[in-house]
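One structure below.
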Amino acid sequence: MTSTILEQPLPTLENDTSAVLVRASTWEQRGRVLRALALALHTSGCWLSNQKQLAVSQMEFLFEMRLSSALDVYSAMMAAGLELSHSGHAQMTNLCMMRRHKTKHKVELGSVITVRLQVSFLEEGDLELGMGVAGLALTPSPPKSI
């Protein structure tokens, strides 16, 4: 009698469907946002697992963070100039609430959470051309530079 072991691919961060998906957009300069985001993730104790370009104006960051740093990461995203989608705000708020009420949710502050952050870099012509990203709360016009 022989036994057969079904080979299934090992889960990786790239195909992990349990990752928290956060979508964001920004009118800020790409280089400034990327530097600010990298510094923010580093100072918050996050581990950047993957960074890739999804489209010409869209990037994805896959990182892990401790639940205890959820509030730091959330505020760092705002400080970096990201405008989160409605669901992105809800996801990050949920992580912050889990952190605060850890006994109710039966989670440990040291729990590691995987986050998939998708950032769209917007330009002035995007709204006129109808090229907004689905699901994002877009502002009516980019901020005017002085």
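Derivation of every value follows stated rules applied to the coordinates shown; laboratory data play no part. Not measured: the values here are computed from a predicted model. Every residue, glycine among them, receives a Cβ derived from its backbone with ideal geometry; neighbour counts consider all protein chains shown.
To make sure I understand, if each residue's beta carbon is the centre and we count other beta carbons within 10 Å, what order do Phe121, Phe63 fall in, fewest to most?
Phe121, Phe63
Thinking of the range 20-123 as a set of Cα atoms, what percent of all their pairs are more than 22 Å apart?
Summing the P(r) tail past 22 Å for the range 20-123 gives 25 percent.
Determine the relative contact order of the range 41-96: mean sequence separation of Cα pairs under 8 Å and six or more apart, normalised by residue count, in whole percent.
Result for the range 41-96 is 30 percent.
How large is ³J(HN,Hα) for each residue in the range 32-48, as worked out from phi by the Karplus curve 6.51 cos²θ - 1.76 cosθ + 1.60 (θ = phi - 60°), to whole Hz, x for Gly and Pro?
Going residue by residue, I get 5, 5, 5, 5, 5, 5, 4, 5, 4, 5, 5, 5, 8, x, 7, 10, 7 Hz, with x marking Gly and Pro.
Obtain the nm distance between the two label points defined at Ala38 and Val112 by a simple spin-label model: each point lies 7 Å from its Cα along the Cα-to-C-beta direction.
Here the answer is 2.3 nm between the modelled labels.
Under the rule of at least 5 residues apart or a separate chain, name every residue whose amide H is placed under 5 Å from the amide H of Val20.
For Val20, whose amide H was placed from the backbone, the distant partners under 5 Å are Thr114, Val115, Arg116.
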